[in-house]
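What follows is one structure encoded as structure tokens, with my remarks underneath.
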Amino acid sequence: MIFGKYIKGLYKKYLIFFIIGVLATIAVDWVQLYLPEYLGNVVNIVSELEPGKAIPQDVMNKMLIYLGLIIAIGFALFAGRVIWRFSLFYASKRMEADIRKMMFEKAEQLSVTYYHSNKVGNIMSWFTTDLETIEEFLGWGAIMVADAIFMTIFAAIKMFNCDWMLSLIAIVPILLIAVWGALVEKVMSIKWKERQESFDKVYDYAQESFSGIRVIKAFVKETQQVHAFAKVAKQNKDTNVNFVRVSVVFDIIIEIIITIIFTLILSVGGWIVITMVQNGGAMSELPHRIHNAGDLVAFTGYFDSIIWPMIAMGQVITMYSRAKTSMGRVTNFLDSDVEIHNSENPVMLENCQGKIEFKNFSFKYPDSDYGCIKDVNFVINPGEIVGVVGRVGSGKTTLVNVLLHLFNIEKGTVLIDDLDVMDIDITNLRDNVAYVPQDNFLFSNSLANNISFANEGKEIDNDAILKAAEFSDVADNIAAFPKQYETVSGERGQTLSGGQKQRVAIARAFFKQAPIMIMDDSVSAVDVKTEETILNNIREKRKGKTTILIASRVSTVSHLDKIIVLSNGTLEAFDTPANLMKNSPTYQRMVALQELEKEKGGND
């Protein structure tokens, strides 16, 4: 079996099913070995009949009894196999589900940084092919191991009782298979790891191509992408063929050994039976217990019973190598450091007022040599509506992301209601912040469920959904859809326009009714009139609640309470729009450029 800190507890959890399954397997193996004995007896009875004469009634009765016993054994094998299939396969599927749940929970805990350094394709491969490989070994592997052990022991006992000389001919090569398997196991582990890594590349390339399908089509690069994918697929094919080649060679060698053993048994056993018949039942001093054809039939039946366990031993070695490698990859994922976590004694935001303070705040991304934000100081008072402007790359998004504790920062540098963000319980913190991300991600679900995402699992409040849609000025658009709020947005909201996606994302944030709301460049795809409606709604319907708007257009923030101006990661100014026109060169330049753009547009 495969072991590890994440799976050993699952063995205990589903131990009863493994016990039932293994006991059923043992019972099936034991009952199955009565078949060769009964068949041998039938052969002996038939061989003793005189040709041309009627079958005596007592002989007929014996044959009917054996026939009934054989049929009974068939039913017993059917029942036993149903039991072990249900027990072991149920346990293996449940263990796979539990491991997948652990992985999903781990995925939710990992930081943004982790997903920057690990591709989606790799992670999907761990969740799919690796887990399926582990489940296969937990189910079929358990059956094969039990069969290989108990069927071999039971059959060996029967064989030695029948003829120990022939048994040695049959049993000794099994040791060769075990030695051969031990040598091959390490090679198979390496080959399987290479195979899985090759699958990772295929998953990643496919995922990236599907995500960027619009760009590919827009630049007419379909043929180029197909050729590039063909190279990745060929590498994957070559790796798989290499793995299968080693696996097949291993299986062929086992089959050759089995065939040689079977040939020796039939040759030696047949010679003994023929000699016995020719000598009238007498035999030389060779040690044996086979006396007739029925005994040879029984012995070959016992040996035939261990052929499957011998083949299973080879398959188990291959499956174990794959499962061990896959479990290692899954374990590495589950062992990944959770960078973002609560402090030892987290505090709770009670009745959050929305005061935000940055004290000498500086930040740089992990694995980065230069600071993204440097020495920023400002205070946003409760209920203020504040804009954030600056050139591309000036640190606007980073500034608001730290409010959600998406990155670890220096303690005492960012406060909400005078509480350190690093000390606040993460769940409680994020419950008090509504966030509209820059990419306006939507789930492939109904618009009602997307808007009410913060309330998922509870009864849907249609009035609140309607108010949220009106807040973001998207209610009329939704009402025009044939299915209205039951319209499915499609994957990542692809069935909606850019402006509609933005407004549904804003409605989702407003629905949360959080004390703090962050909008990261969330009105860039809407027209000026719609933008004005949304800003008016913010002033009216979020009065008394803190709102932060990151904007690429000065017009978006020109009527807000205050504006933060960032320049190359530093705070150039934090003041009212009127004062910024006097003391902020960056803001003055942005206003001038916007006026120039308007003037040029008017002339055109």
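From the list Lys101, Lys62, Lys106, which residue is open to solvent by 50 Å² or more (accessible area, probe 1.4 Å) and within 17 Å of the chain's Cα centre (by Cα)?
Numbers: Lys62 fails: within 17 Å of the chain's Cα centre (by Cα); Lys106 fails: open to solvent by 50 Å² or more (accessible area, probe 1.4 Å).
After ruling out the rest, the residue left standing is Lys101.
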Notebook entry, point to check: From the residues in the stretch 412-445 that are under 31 Å from the mean Cα position of the chain (by Cα) and free of Cβ contacts under 8 Å to residues at least 60 places away in the same chain, which one is least open to solvent (accessible area, probe 1.4 Å)?
Noted result: Asn445
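Does Ile380 count as buried (at least 20 other Cβ atoms within 10 Å of the Cβ) and among the aliphatic types (A, V, I, L, M)?
Here the answer is yes, as Ile380 does meet what is asked.
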Next item on the list: Would you point out the residue of the stretch 550-577, among those that are in contact with a Phe, Trp or Tyr (Cβ under 7 Å, 6 or more places away or on another chain), touching a residue at least 60 places away in the same chain (Cβ under 8 Å) and more than 21 Å from Ala434 (Cβ to Cβ), that is surrounded by the most Cβ atoms within 10 Å (Cβ to Cβ)?
Entry: Val565
Note to self: Could you tell me how many of the residues in the stretch 109-128 are under 30 Å from Ile20 (Cβ atoms) and open to solvent by 90 Å² or more (accessible area, probe 1.4 Å)?
What the structure shows: 0
Check: Mind checking whether some residue in the stretch 4-23 is within 40 Å of the chain's Cα centre (by Cα), modelled with pLDDT of 85 or more, more than 30 Å from Met103 (Cα to Cα) and open to solvent by less than 70 Å² (accessible area, probe 1.4 Å)?
Finding: no
Notebook entry, point to check: Restricting the stretch 536-549 to residues that are in contact (Cβ under 8 Å) with a residue 24 or more places away in the chain and open to solvent by 70 Å² or more (accessible area, probe 1.4 Å), which is nearest to Val386 (Cα to Cα)?
Noted result: Arg539
Next item on the list: For the stretch 327-348, enumerate the residues that are within 16 Å of Phe104 (Cβ to Cβ), open to solvent by 30 Å² or more (accessible area, probe 1.4 Å) and either of a type in the set (Ser, Thr, Tyr) or in contact with a strand residue (DSSP E or B) (Cβ under 8 Å, 6 or more places away or on another chain) (or both).
Entry: Thr331
Check: For residues in the stretch 181-209 being acidic (Asp, Glu), farther than 24 Å from Ile252 by Cα and open to solvent by 70 Å² or more (accessible area, probe 1.4 Å), which is modelled with the lowest pLDDT?
Finding: Glu208
Note to self: Please verify whether Val400 is open to solvent by less than 10 Å² (accessible area, probe 1.4 Å), assigned to a helix (DSSP H, G or I) and in contact with an Asp or Glu (Cβ under 8 Å, 6 or more places away or on another chain), treating the condition exactly as stated.
What the structure shows: yes
Item checked: 3 or more residues free of Cβ contacts under 8 Å to residues at least 24 places away in the same chain: qualifying helices (runs of 4 or more DSSP H) within the stretch 1-105 -> 8-13, 15-32
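Looking at Ile256, is it within 19 Å of Thr152 (Cα to Cα) and either modelled with pLDDT of 75 or more or among the hydroxyl-bearing types (Ser, Thr, Tyr) (or both)?
For Ile256, the condition - within 19 Å of Thr152 (Cα to Cα) and either modelled with pLDDT of 75 or more or among the hydroxyl-bearing types (Ser, Thr, Tyr) (or both) - is met.
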Notebook entry, point to check: So, of the residues in the stretch 388-411 that are aliphatic (A, V, I, L, M) and under 35 Å from the mean Cα position of the chain (by Cα), which turns out to be farthest from Asp521 (Cα to Cα)?
Noted result: Ile409
Margin query: Checking Asn583 against (1) more than 21 Å from Val379 (Cβ to Cβ); (2) without any contact (Cβ under 8 Å) to a residue 60 or more places away in the chain: exactly one of these is not met. Which one?
Written below: (1)
Checklist line | Candidates Val145, Val120, Val112, filtered to the one that is touching an Asp or Glu at 6+ places or on another chain (Cβ under 8 Å) and in contact (Cβ under 8 Å) with a residue 60 or more places away in the chain | finding: Val120
Next item on the list: Scan the stretch 32-55 for residues that are modelled with pLDDT under 80 and open to solvent by 60 Å² or more (accessible area, probe 1.4 Å) and jot them down.
Entry: Glu37, Leu39, Val46, Ser47, Glu48, Glu50, Pro51, Gly52, Lys53, Ala54, Ile55
Note to self: Please verify whether Asn450 is part of a helix (DSSP H, G or I), of a type in the set (S, T, N, Q) and modelled with pLDDT of 85 or more, treating the condition exactly as stated.
What the structure shows: no
Notebook entry, point to check: Out of the stretch 460-489, which residues are in a loop (DSSP other than H, G, I, E, B) and hydroxyl-bearing (Ser, Thr, Tyr)?
Noted result: Ser472, Thr487, Ser489
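Taking the criterion of being hydrophobic (A, V, I, L, M, F, W, C), at pLDDT 75 or above, under 22 Å from Thr129 (Cα atoms) and assigned to a helix (DSSP H, G or I), would at least one residue in the stretch 219-231 satisfy it?
yes
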Note to self: Among the residues that make up the stretch 335-348, is at least one of them in contact with a helix residue (DSSP H, G or I) (Cβ under 6 Å, 6 or more places away or on another chain) and among the hydrophobic types (A, V, I, L, M, F, W, C)?
What the structure shows: yes
Item checked: Sole residue being of a type in the set (D, E, K, R), open to solvent by 40 Å² or more (accessible area, probe 1.4 Å) and under 17 Å from the mean Cα position of the chain (by Cα), chosen from Lys355, Lys324 -> Lys324
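The values are calculated or read from the model by the stated rules, or taken from the named source; none is laboratory data. Because the structure is a prediction, the values reported are computed rather than measured. All Cβ positions, glycine included, derive from the backbone under ideal geometry; neighbour counts span all protein chains shown. To get the accessible areas, we keep the full protein, side chains included, count just its heavy atoms, and leave off ligands, DNA and RNA. Shrake-Rupley method; radii C 1.70, N 1.55, O 1.52, S 1.80 Å.
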